[in-house]
Amino acid sequence: MDTSTGSERSLDASADLYLELLARVLTRSAFLDQEVRDVEPENWPRYVERAVRKRGYRVVRPFSSGEIREQEEGRVWPDTAETMVGLERLRNIRECVESVLDDGVPGDLVETGVWRGGASIYMRAVLAARSIRDRKVWLADSFRGLPPPDAKKYPADEGLDLSIFPELAVGLETVKANFARYGLLDDQVEFLVGWFRDTLPTAPIERVAVLRLDGDLYESTWDALSALYPKVSVGGYVIVDDFGAIKACKEAIHDFRAAEGITEDLELIDWTGAFWRRLR
Ligand SMILES: C[S@@+](CC[C@H](N)C(=O)[O-])C[C@H]1O[C@@H](n2cnc3c(N)ncnc32)[C@H](O)[C@@H]1O
């Protein structure tokens, strides 16, 4: 029997609309049909090109339907969106957070690997939509990109050098500004600045209800799990963004689960994301 009052039900409907809309804004999926991409003018006479640049004009083209789909599915590094994880993985965040709230599973929410902050912003938004004041969202990142692979220590990372991409280095102030843009920068948001190996083992996090891993590398996945899995509550979730997309990440997950005797089912979210619920 539904015992909620009319005003509680309309609050639920408003929260639902807010979170759906926010997912579509954070991924830009609401506006991708209006999004454009710069193109380099080809074979234009030099004087036309010079005149265009002098006036500060840009030459752009609309997104193709394939590009729209790729961004919605979280398969690309988007030009402007605050997250690259796509709609399905944002929905998974919401489901996991709502599940721990509904079941009273204690702990904070953590993302290791935040980039522009979009997925973490969404975690904070789910708390805000339910007026939850006693849980925090922790953001762990170097805020200057990935470390170069340490193939001696982590052979699975051999050749996986994502440190060379400036697009993956997003500074702390930019991430804070992105939270502020959505009215979600407050004392429930905490930043752990530095390499996971340095920040996570001593992070002042007591318990974790949802741990979201998005650091791509074997090393980053391993460091986050070894520091934080012991703090994940029974009933809490571990979400792995790169399980399908990056072989090294999948290997780290298999190795860690085998080493710790973790047998809970690993469920797939979409073409790359996966998660499990800690049951013991
Ligand atoms: C794929 S991006 C994260 C995407 C993000 N979750 C989103 O919503 O779009 C990976 C991030 O992990 C960070 N990162 C990866 N390995 C790290 C490590 N060992 N220490 C600190 N930061 C790391 C990078 O700086 C980068 O911001």
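Every read-out reported here was derived from the displayed coordinates using simple, explicitly stated rules and does not represent laboratory data. What you see is a predicted model; the values in this text were computed from it and never measured. Because the Cβ atoms are built from the backbone with ideal geometry, glycine has one as well, and the counts that use them run over all protein chains shown.
Among M84, M123, the ranking by other beta carbons within 10 Å of each residue's beta carbon, starting with the fewest, stands as M84, M123. Around the Cα centre of the chain, unit charges on the Cβ atoms of Lys, Arg, Asp and Glu (plus for the first two, minus for the last two) sum to a dipole of about 840 debye.
For P62, neighbours were defined as the other residues whose beta-carbon sits under 10 Å from its Cβ, and their charges (Lys and Arg +1, Asp and Glu -1) total -1. For F191, nonlocal amide neighbours, meaning residues 5 or more places apart or on other chains whose placed amide H falls under 5 Å from its own, are L139.
Listed peptides 153-159, 106-112, 260-266, 77-83 appear in the order 106-112, 77-83, 153-159, 260-266 once ranked by packing, highest mean of other Cβ atoms within 10 Å at the front.
Taking other C-beta atoms within 10 Å as the exposure proxy, Y18, Y182, Y57 rank Y57, Y18, Y182 from fewest upward.
Here the Karplus relation 6.51 cos²θ - 1.76 cosθ + 1.60, evaluated at θ = phi - 60°, turns the backbone of segment 38-44 into coupling constants of 5, 10, 6, x, 10, 6, 8 Hz, with x for every Gly and Pro. Among the chymotrypsin sites (Phe, Trp or Tyr not before Pro) found in segment 220-277, those both in a DSSP coil and sparsely packed, with 15 or fewer other Cβ atoms within 10 Å of their Cβ, are W271. Listed by chain and number, the lysines whose alpha-carbon sits under 20 Å from that of K250, ignoring those within fewer than 8 places in the same chain, are K152, K153. For a straight C-alpha distance cut-off of 20 angstrom, the aspartates and glutamates reachable from K176 (same-chain residues fewer than eight places away being disregarded) are D79, E82, D108, E111, D141, E167, D186, D187, E190, D214. Listed by chain and number, the lysines whose alpha-carbon sits under 18 Å from that of K231, ignoring those within fewer than 8 places in the same chain, are K136.
The packing ranking of peptides 136-147, 59-70, highest mean first, is 136-147, 59-70, where packing means the average number of other beta carbon atoms within 10 angstrom of each residue. Across the alpha-carbon set of the chain, the Rg to Rh ratio works out to 1.01, Rh being the Kirkwood radius. Two tests apply to each whole DSSP H helix in the chain, Cα reach of 18 Å or more along its axis and mean Kyte-Doolittle hydropathy of at least 0.0, and the ones passing both are 6-26.
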